[in-house]
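> I have a structure here, written as structure tokens, and I will follow up with some questions on it.
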Amino acid sequence: MPDRAQIERFLANLKSTAREGGGWYLAKRNWGFLAGLGLTETLAKEVVLGLCVSDCCEGPVGDDNPRERGNVYVFGKEIDGTEVYVKLKIAHIGSRRVAKCLSFHPAERRLHYPFAE
């Protein structure tokens, strides 16, 4: 498990990347869940931008997608009574950095928050 400072650095980098024009990507497989909660991609991005260290559950761990290199972090957030699993990474597409939200869906199991206060 990373230390608090490592997660803070990841979140700061992810958030600055997501705020840059064209620096945000939400996997399409998550759109159905968003619609069911009445959320838009923009609102999902706001949830991600509001994450903090105490929301971190796991990471950094290697991306399980063989076509992608790098590490992912897992966060959890309660939205309208539903614990949501959020998997994030910072990827490089060409010379551009992109904040990627790989998963944004109901947690399949209870998440553990080692940095919760």
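> In the range 72-111, what residues are of a type in the set (S, T, N, Q) and over 20 Å from Arg29 (Cα atoms)? Spell out the reasoning first.
The initial filter retains those residues of the range 72-111 that are of a type in the set (S, T, N, Q), namely 82, 95, 103.
Answer for the range 72-111, where residues must be of a type in the set (S, T, N, Q) and over 20 Å from Arg29 (Cα atoms): just Ser95.
> Also, I was wondering about something else. May I ask you to say which residue of Asn30, Asn13, Asn71 is surrounded by fewer than 18 Cβ atoms within 10 Å (Cβ to Cβ), in contact (Cβ under 8 Å) with a residue 40 or more places away in the chain and either of a type outside the set (Gly, Ala, Ser) or touching a helix residue (DSSP H, G or I) at 6+ places or on another chain (Cβ under 9 Å) (or both)?
Step by step, each of Asn30, Asn13, Asn71 is checked, and only Asn13 is surrounded by fewer than 18 Cβ atoms within 10 Å (Cβ to Cβ), in contact (Cβ under 8 Å) with a residue 40 or more places away in the chain and either of a type outside the set (Gly, Ala, Ser) or touching a helix residue (DSSP H, G or I) at 6+ places or on another chain (Cβ under 9 Å) (or both).
> Also, quick follow-up: For Asp55, only one of the following conditions fails: (1) of a type in the set (Asp, Glu); (2) over 13 Å from the mean Cα position of the chain (by Cα); (3) surrounded by 13 or more Cβ atoms within 10 Å (Cβ to Cβ). What is its number?
For Asp55, the failing item is (2).
> So is Leu34 at pLDDT 85 or above, in a helix (DSSP H, G or I), under 15 Å from the mean Cα position of the chain (by Cα) and of a type in the set (A, V, I, L, M) or not?
Values: at pLDDT 85 or above: no; in a helix (DSSP H, G or I): yes; under 15 Å from the mean Cα position of the chain (by Cα): yes; of a type in the set (A, V, I, L, M): yes.
Spelling it out, it is not the case that Leu34 is at pLDDT 85 or above, in a helix (DSSP H, G or I), under 15 Å from the mean Cα position of the chain (by Cα) and of a type in the set (A, V, I, L, M).
> Oh, and also: Looking at Gly81, Gly76 in this structure, which one is farther than 16 Å from Lys15 by Cβ and out of contact with any helix residue (DSSP H, G or I) (no Cβ under 9 Å at 6 or more places or on another chain)? Break it down into steps so the answer makes sense when it comes.
Numbers: Gly76 fails: out of contact with any helix residue (DSSP H, G or I) (no Cβ under 9 Å at 6 or more places or on another chain).
Answer to the selection: Gly81.
> For the structure I just gave you, tell me whether Asp80 is farther than 22 Å from Leu37 by Cα and surrounded by fewer than 18 Cβ atoms within 10 Å (Cβ to Cβ).
No: the conditions fail for Asp80.
> Identify all residues within the range 74-117 that are hydroxyl-bearing (Ser, Thr, Tyr) and under 17 Å from Ala44 (Cβ atoms); write none if there are none.
Scanning the range 74-117 gives Thr82, Tyr85, Ser103.
The values are calculated or read from the model by the stated rules, or taken from the named source; none is laboratory data. All figures in this text were calculated on a predicted structure; none of them were measured in a lab. Note that we place each Cβ from the backbone using ideal geometry, even for glycine, and neighbour counts take in every protein chain shown.
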